[in-house]
Amino acid sequence: MNNASARLSTKAKVGSSQPPENSFKRKRGVLQKDLQHMVYGFGDDPNPLPETLALVEDVVVEYVTDLVHKAQDTASKGGKLLTEDFLFLIRKDSPKVNHCTKLLSMNEELKKVRKAFEVDKDTVFN
């Protein structure tokens, strides 16, 4: 058993919403291109080692999976995950909260602009 699977198996709790380690197989390498750009943006080589990308991908997938499982455990609407569930989990990490709220507000602005653009387009072409 390798270190990653040992960590995963020790993190699984009885009665939690986390599935057993072997209940699903994830496709490795799906995030490789995006992670390659991200690590380059943070100062790494433009073509990092495949081992580096694999390790970063494992860390990212483990973090996101853990966060989703915790959000599922604390979900306020009987299993339906809301944005507030994730914000609640990161509430003590102010840089993450600030970044998330900024991204959420930008997303709302983009929705409004798209909606206004669609309305204008419909009136012009009809």
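Computed from the C-beta positions of T74 and Y40, the FRET efficiency with R₀ = 25 Å rounds to 0.10.
Classify segment 75-115 as rounded, prolate or oblate from the Cα gyration tensor: take a ≥ b ≥ c as the square roots of its eigenvalues, call it rounded if a/c is under 1.5, otherwise prolate when a/b beats b/c and oblate if not. Verdict is oblate for segment 75-115. Taking each residue as 0.36 nm, the span from L81 to Y63 lengthens on full extension beyond its C-alpha to C-alpha distance by 4.8 nm.
With the Cα gyration tensor of segment 32-126 giving a ≥ b ≥ c as the square roots of its eigenvalues, does the rule (a/c under 1.5 for rounded; else a/b larger than b/c for prolate; else oblate) give rounded, prolate or oblate? Oblate, since a/c reaches 1.5 and b/c is not below a/b.
Readers should treat all values here as calculations from the given coordinates under stated rules, not as data from a laboratory. Source: prediction; values computed, not measured. Note: ideal-geometry Cβ built from the backbone for every residue, glycine included; neighbour counts use all protein chains shown.
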